[in-house]
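Report on one structure; see the data block that follows.
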Amino acid sequence: MKRIGLPILLVLALLISGFTLVQNLKLTEPTGFDPARKIDAKAMEQILMTAEAPKTASQRRHSGVQAPSFTLKTLEGETVSIGGSRNRPVLIHFWASWCEACAVEAPTLKRLHEQYKDHVDFYGINVSTEEKNPERISAFMRMNGLAYPTLMDENKRAAYLYELHALPTTFLIDKDGYIADTFHMADPIEFEQKLERLSSE
């Protein structure tokens, strides 16, 4: 009998607890998008297998799954592109202001951003088509002390490319542009361990 990995157990636990709230998120293919660019089930399995594989400090292994590239605007109107090689690894965090689990995870993200902001680039991605009151986006950021940029996924382009099915969802991307890990929600200690590995690669 195969061992059930920790990420799968986390997903099951979140489903039971009601923290995976975007159950009705419909990801229709955006106009002009190549389906080959999106993450499929096989790629997701490869990401999780690589993330779970034991590694020594001297081993550096990526999943072989490149992070899909996209360009979105911040709340302030600045254009930001994600994808490809960078000087630092990247954390992207899909969320919405009405998401209860996003509010629960916010203190962890605030603390980890303050701790790793010089080593990892943080970006929140707000699924803004799901927002009933756009003003709550900036209010949520202020209330929770989140100082990293928030990108507005107004047409669910990024959500489509990353096969988003639940909020919150985090993707960790290494400096070479490959997805190192993904999870819906993590224990604060485990979350920090994942970031520590990402920042040290």
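Couple of notes before you dig in:
- When the range 95-144 is filtered for residues that are of a type in the set (Lys, Arg) and farther than 20 Å from residue 164 by Cα, the ones remaining, listed by number, are 110, 111, 117, 136, 142.
- Single match in 147, 166, 186 (criterion: in a loop (DSSP other than H, G, I, E, B) and free of Cβ contacts under 8 Å to residues at least 40 places away in the same chain): 147
Conditions (1) surrounded by 14 or more Cβ atoms within 10 Å (Cβ to Cβ); (2) farther than 24 Å from residue 196 by Cα, marked per residue:
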position: 74; (1), (2): yes, yes
position: 87; (1), (2): no, no
position: 108; (1), (2): yes, no
position: 111; (1), (2): yes, no
position: 124; (1), (2): yes, no
position: 128; (1), (2): yes, yes
position: 132; (1), (2): no, yes
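- Test: residue in the range 154-174 that is more than 15 Å from the chain's Cα centre (by Cα) and of a type in the set (Val, Ile, Thr): no
- For first residues located in the range 105-121 and farther than 11 Å from residue 89 by Cα, partners that are among the polar types (S, T, N, Q) and lie 6+ apart or on another chain with Cβ distances below 6 Å form the pairs 106/144.
- Test: residue in the range 136-145 that is among the hydroxyl-bearing types (Ser, Thr, Tyr) and farther than 18 Å from residue 74 by Cβ: no
- The range 163-177, subset touching a helix residue (DSSP H, G or I) at 6+ places or on another chain (Cβ under 9 Å) and of a type in the set (Asp, Glu), residue modelled with the lowest pLDDT: 163
The values are calculated or read from the model by the stated rules, or taken from the named source; none is laboratory data. None of the values given here were measured: they were computed from a predicted structure. So basically every Cβ, Gly included, is an ideal-geometry build from the backbone, and we count neighbours across all protein chains shown.
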